[in-house]
Amino acid sequence: MSELTVGETDFRTLLDGLLDGPLRSMSALERDIFRMRFDVHLPDALRPLTALYGGRADFADQLSRLLAVAASAYAARSPELRLLDLRRACEPDWFQQPTMIGYVCYADRFAGDLAGVRAKIPYLKELGVTYLHLMPLLEPRPGANDGGYAVMNYRRVNPALGAMEDLRELATALRREGISLCVDLVCNHTAEEHEWARRAVAGDPVYQDYYYLFPDRIMPDQYEMALPEVFPDFAPGNFTYLDSCDKWVWTTFNDYQWDLNYRNPAVLAEMLDIILFLANQGVDILRLDAVAFMWKRLKTDCQNQPEAHAILQIFRALTRMAAPGLIFKAEAIVSPDKLLPYLGLGAATHKECEIAYHNAFMVLLWSSLAERRAVLMTHALQNMPETPVNCAWLTYVRCHDDIGWAVRDEDAAAVGLSGFLHRAFLSDFYSGRFAGGFARGVTFQHNPKTGDRRISGTLASLAGLEAAVERRDWRETDLAVRRILLLHAMMLAFNGIPAIYMGDELGLLNDRRYLDDPDLADDNRWMHRPFMDWNKAEQRHDWQTVTARIFQAVRAMIGAVKGLPSLHAQARCHAVWTHNEQVFGMIRASARGRLLALANFSEAPQAVPRHRLHDMGFTGELADRLEGRPVDSWSDLRMEPYQVLWLEQLVSQ
Ligand code: OTU
């Protein structure tokens, strides 16, 4: 380490300063607990901190500022949450258990406001939900705000949803019902209306250093040469000219979302303070938005830089001192090799984020459905790096965002496809341009420079329900429902926390009402962020309806997952060849048990040869855990259109 490293004695002085400062009124035991966490986690904070700011003359001051933030948050944490911290230390795999079932919604679209969400806890429990992700709920800028991803005050709840006290009460109510709360933290950028941004515009140099501001286009032009565009359609380019102060500001996303400058340690300290503030409201999981973009480097795409990982590791280590019950979910929609490090690899193993979105799996599911073949998915998943054992994927079949066709050229080539043409096929297929297709999606962000076309649409509409119902075609309706259930069964069987997007459990279709709202109209992702249809939800008890068929089947699957130790997130997930290109297979294997999930991705019946099951070690009497039925052990395995089986051996041989 450099001469700027804080020496051994200084750590003691630092700790003493905390014990005599923010921690002074705590009991001896509480102070000892902090001391212990300080000893354990300080090295994990120092390593990345030195990497980022080790060259600064004020490094020691920056370090003590961060530690003071952690200590103050520790002192402010409620007794109930302190107990929760201890409980999670006793049960570190709490979020990996097969009982973790996620549900994602906008509070207003689901239930009006936070109090409304609380009133809907019985509905969530009926479905079997144990993890609730509420979409951005901190105070956004007025008008267009990218679905809440443009925050102007991180310490205030969006007044339309309630107050911070309502969030606290909701978190407590959920916890008592066994539901963990996940909330978004938009840590890459703020709204241009945030106080920091306003002060920057007013000329305050302290706050100008919170963002990437440039006096002219010289640097922006250089950066642009290697930068992609996230919203090429409604927010082209990555910089925005500010009339108010004659400067250019870095805006990766919309022009009102200003990227934060983490080269400035003050920004890191502010964000840590916000993280711990939210932890102390009772939030269990923070979804860290757009983490890949948090560090910029010339001549790169400014994503996945080592320093972005260092920032997350600092957050992780210091949060473990103050509020160790809180875990992190990385929102990094990047290729698998770039994604794995967000779960912590090498020296950072178990020291970064606990959860990350498995975008590739989601995309491959849709790709297999369109192709009626699982070859690409099998190959691509087999070539993914190993998942670290103490983590969980967030598995999903769609979310509030569009679907981008992240199929890698090398994976496509390996199975005889052209990556470019296959992605074009998927865009055509899901936007309804492909003859014989079932999907009703809409193109999102066509990029003429790259040919890239992403897709918007609800699960049910993309899976064919909208077209089938419109045509009153009952055979097609049946097939669409089967597709919807297949996708749910796949995300439930993969390793991680499955997250159902609100309304998919009822088969809600594309909602075009967003077109009437000028703040939303140019962003068709709102089409698949529908308002909850509580009248339709009532139909879930009427077995004759499509709604009930979907809801009750999803609910039954959730019930089945919860009773299957073999689906614990620590169990590895291997894609396997089934000797039938239409049937995808994956094995979940660990000391807890072995389960073979099979899915027929075609609308025709299929068979898997019995000898193939034997090869994979499934020899004895088998049971399908999804339907709770024994399976004939002698003949080849027959599968209905779009059927999924979760096979386990009854007695090990
Ligand atoms: C995230 O998106 C959010 O999920 C989006 O809703 C926001 O618009 C965006 O950040 C800005 O806050 O940043 O790491 O398909 O996946 O925009 C990737 C593109 C992101 C999205 C991407 C994503």
Inset, instruction - At 0.36 nm per residue, minus the direct Cα-Cα distance, what do residue 29 and residue 10 gain on full extension? Give it in nm, one decimal, please. - result: 4.5 nm
Inset, instruction - Run the quick spin-label model on residue 449 and residue 615: label points 7 Å from Cα toward the beta carbon, then report their separation in nm to one decimal. - result: 4.6
Legend entry - Principal-axis tilt of helix 164-176 within the chain, Cα atoms, nearest 10 degrees: 50
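Please compare each pair in 247/299; 125/351; 329/562; 125/338; 125/329 to a cut-off of 30 Å on the Cα-Cα distance and tell me which ones are over it.
From 247/299; 125/351; 329/562; 125/338; 125/329, over 30 Å: 125/351; 125/338.
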Inset, instruction - Go through 312-319, 426-433, 591-598 and give me the packing order, highest mean Cβ count within 10 Å leading. - result: 312-319, 426-433, 591-598
Inset, instruction - Mind giving me the FRET efficiency for residue 521 and residue 164? R0 is 30 Å, r the Cβ-Cβ distance, nearest 0.05 is fine. - result: 0.45
Inset, instruction - Under 1.5 on a/c is rounded, so check that first for the chain, then, if it is not, pick prolate when a/b is larger than b/c and oblate when it is not; a ≥ b ≥ c are the square roots of the alpha carbon gyration tensor eigenvalues. - result: prolate
Inset, instruction - Starting from the Cα of residue 243, step 7 Å along the direction of its Cβ; do the same at residue 424; then give the gap between the two resulting points in nm. - result: 4.2
Inset, instruction - Work out the FRET efficiency for residue 535 and residue 473 from their Cβ-Cβ distance, taking R0 = 22 Å, and round it to the nearest 0.05. - result: 0.40
Inset, instruction - Compute the Cα gyration tensor for the stretch 465-508, then decide on rounded, prolate or oblate, letting a ≥ b ≥ c be the square roots of its eigenvalues: rounded whenever a/c is under 1.5, prolate when a/b is larger than b/c in the other cases, and oblate in all that remain. - result: oblate
Inset, instruction - Extending each Cα 7 Å along its Cβ direction at residue 337 and residue 301, get the distance between those two points in nm, one decimal. - result: 1.2
Legend entry - Peptide ranges 137-150, 512-525, 484-497, 164-177 listed from the most packed, as the mean C-beta count within 10 angstrom indicates: 484-497, 137-150, 164-177, 512-525
Inset, instruction - Determine how large the accessible area of residue 542 is when every protein chain is in place; take a 1.4 Å probe and give Å² rounded to the nearest 10. - result: 70
Legend entry - Positive-end extreme of charge dipole, the chain - chosen from 19, 611, 50 (charges on Cβ): 611
Inset, instruction - Evaluate E = 1/(1 + (r/R0)^6) for residue 651 and residue 93, where r is the Cβ-Cβ distance and R0 equals 25 Å; express this FRET efficiency to the nearest 0.05. - result: 0.40
Legend entry - Rounded percent of accessible protein surface that carbon and sulfur make up, the stretch 191-259, 1.4 Å probe: 51
Legend entry - Dipole magnitude (debye, nearest 20) for the stretch 191-259, charges at Cβ of Lys, Arg, Asp, Glu: 120
Inset, instruction - Round to the nearest 10 and give me the degree value, 0 to 90, for the angle of helix 265-279's Cα axis relative to the longest principal axis of the chain. - result: 60
Inset, instruction - State the answer as a single residue: which of 220, 244, 205 lies farthest towards the positive end of the charge dipole of the stretch 191-259, with beta carbon charges of +1 for Lys and Arg and -1 for Asp and Glu, about the Cα centre. - result: 205
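Provide the packing ranking of 473-480, 284-291, 23-30, i.e. peptides ordered by the mean count of other C-beta atoms within 10 Å per residue, highest first.
Top of the packing list down: 284-291, 473-480, 23-30.
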Inset, instruction - Write down the accessible area per residue of the stretch 577-635 in Å², having rolled a 1.4 Å probe over the full set of protein chains. - result: 45
Legend entry - 1.4 Å probe accessible area per residue over the stretch 310-419, in Å²: 25
Inset, instruction - Report, in debye and to the nearest 20, how large the dipole of the chain comes out about its Cα centre when Lys and Arg carry +1 and Asp and Glu carry -1 on their Cβ. - result: 1500
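The values are calculated or read from the model by the stated rules, or taken from the named source; none is laboratory data. In this text the structure is predicted, and so the values were computed from the model without any measurement. Cβ coordinates were reconstructed from backbone atoms using ideal geometry, including for glycine residues, and neighbour counts include every protein chain displayed. Areas reflect the complete protein model, heavy atoms only, side chains present, ligands, DNA and RNA absent. Shrake-Rupley method; radii C 1.70, N 1.55, O 1.52, S 1.80 Å.
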